[in-house]
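Below is one structure, written out as structure tokens, with a few remarks after it.
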Amino acid sequence: MELPLYQVDAFASRLFAGNPAAVCPLSQWLPDATMQAIGAENNLSETAFFVPRNGTNGDYDLRWFTPTIEIDLCGHATLASGFVVMTRLAPQRNEVRFHTKSGALVVTRHGDRFALELPAQPPAPATMPARAIEALGRRPAQVLAATKYLAVYDSEADVAALQPDLVVLKDIDRDGVIVTAPGRDCDFVSRYFAPHAGVPEDPVTGSAHSTLVPYWAKRLGKKILQARQISERGGDLACEDRGERVSLSGNAVLYLEGRIHV
């Protein structure tokens, strides 16, 4: 069987930046084991698969696989999937709706930028295991959590300097660890570590901003925020706190278009 495959750098305005996602449009679902094997073979933080949704006008069902597991929410691979639909499969469209384990997610096109809304996941004060805090290498000023731990630091330099023990973080009781601090030339910076999902450090993480945006909107007293994820590749996101939803927008760049044989 031959299948189309695209690789898109999401939340980036140039190649080799942002977060690369593989996107595999399907006419019908493959066996789960096959999709997981493709995710492992691609060895990117996420591979997205989508199929046309029955009984709708142009909607899709969408699923995401890391190299090791299927996950419930992924922002950058959703943005990349919308990019593929609106630039390759149906370039006349400016909006696409995906149905996922986290509900309906809509991607819209505004010129050369793409935006999506994700469900907000505001954090609350939490206690991170002492061993996990030690594994971060530097004690945060504050720890909160939603589905992911959120460790807050005083400065961008603190976040940039972290070299966590990923072996220890692999066994924590939540969906990875976000680290964040005020930015020098943006509202806030972040990094995200998810070794439990086969992703040691994710380059740019939409789902992490479901928690980051409500936190920083409340702390800074503003709804519109500029964010930067300061991984090695790096990525920029324009964010908006919309209450129960957060809006994330950025550019995307096509790196690869081809076919796989399974």
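The values are calculated or read from the model by the stated rules, or taken from the named source; none is laboratory data. Remember, it's a predicted structure, so these values are computed and weren't measured experimentally. Virtual Cβ from ideal backbone geometry, glycine too; neighbours counted across all protein chains shown.
Odds and ends about this structure:
- Index of the failed condition, A217 passing every other in (1) surrounded by 24 or more Cβ atoms within 10 Å (Cβ to Cβ); (2) within 14 Å of L150 (Cβ to Cβ): (1)
- Against the conditions (1) surrounded by fewer than 14 Cβ atoms within 10 Å (Cβ to Cβ); (2) in contact with a His (Cβ under 8 Å, 6 or more places away or on another chain), G111 satisfies every one except (2).
- Residue match in the stretch 77-99 (condition: assigned to a strand (DSSP E or B) and either crowded, with 20+ Cβ neighbours inside 10 Å or of a type in the set (S, T, N, Q) (or both)): yes
- Condition check for G55: surrounded by fewer than 21 Cβ atoms within 10 Å (Cβ to Cβ) and outside any strand (DSSP E or B): yes
- Filter result (buried (at least 21 other Cβ atoms within 10 Å of the Cβ) and of a type in the set (A, V, I, L, M, F, W, C)) within the stretch 236-262: L237, C239, V246, L248, A252
- All positions within the stretch 164-198 that are part of a helix (DSSP H, G or I) and either more than 15 Å from the chain's Cα centre (by Cα) or among the aliphatic types (A, V, I, L, M) (or both): L166, V167, V168, L169, H196, A197
- Flag for L169 being among the aliphatic types (A, V, I, L, M), surrounded by fewer than 15 Cβ atoms within 10 Å (Cβ to Cβ) and either touching a helix residue (DSSP H, G or I) at 6+ places or on another chain (Cβ under 9 Å) or within 16 Å of A21 (Cβ to Cβ) (or both): no
- Criterion: under 22 Å from A194 (Cα atoms), surrounded by 13 or more Cβ atoms within 10 Å (Cβ to Cβ), among the small types (G, A, S) and out of contact with any strand residue (DSSP E or B) (no Cβ under 8 Å at 6 or more places or on another chain) - qualifying residue of A33, A37, A48: A37
- Among all residues of the stretch 208-224, there is at least one that is in contact with a Phe, Trp or Tyr (Cβ under 6 Å, 6 or more places away or on another chain) and either under 30 Å from I38 (Cα atoms) or outside the structural domain of A77 (by TED's automatic domain parsing) (or both).
- Filtering the stretch 123-163 to residues that are in a loop (DSSP other than H, G, I, E, B) and either in contact with a strand residue (DSSP E or B) (Cβ under 8 Å, 6 or more places away or on another chain) or not assigned by TED's automatic domain parsing to the domain that holds A208 (or both) leaves P123, A126, T127, M128, P140, A141, A146, K148, Y153, D154, S155, L162.
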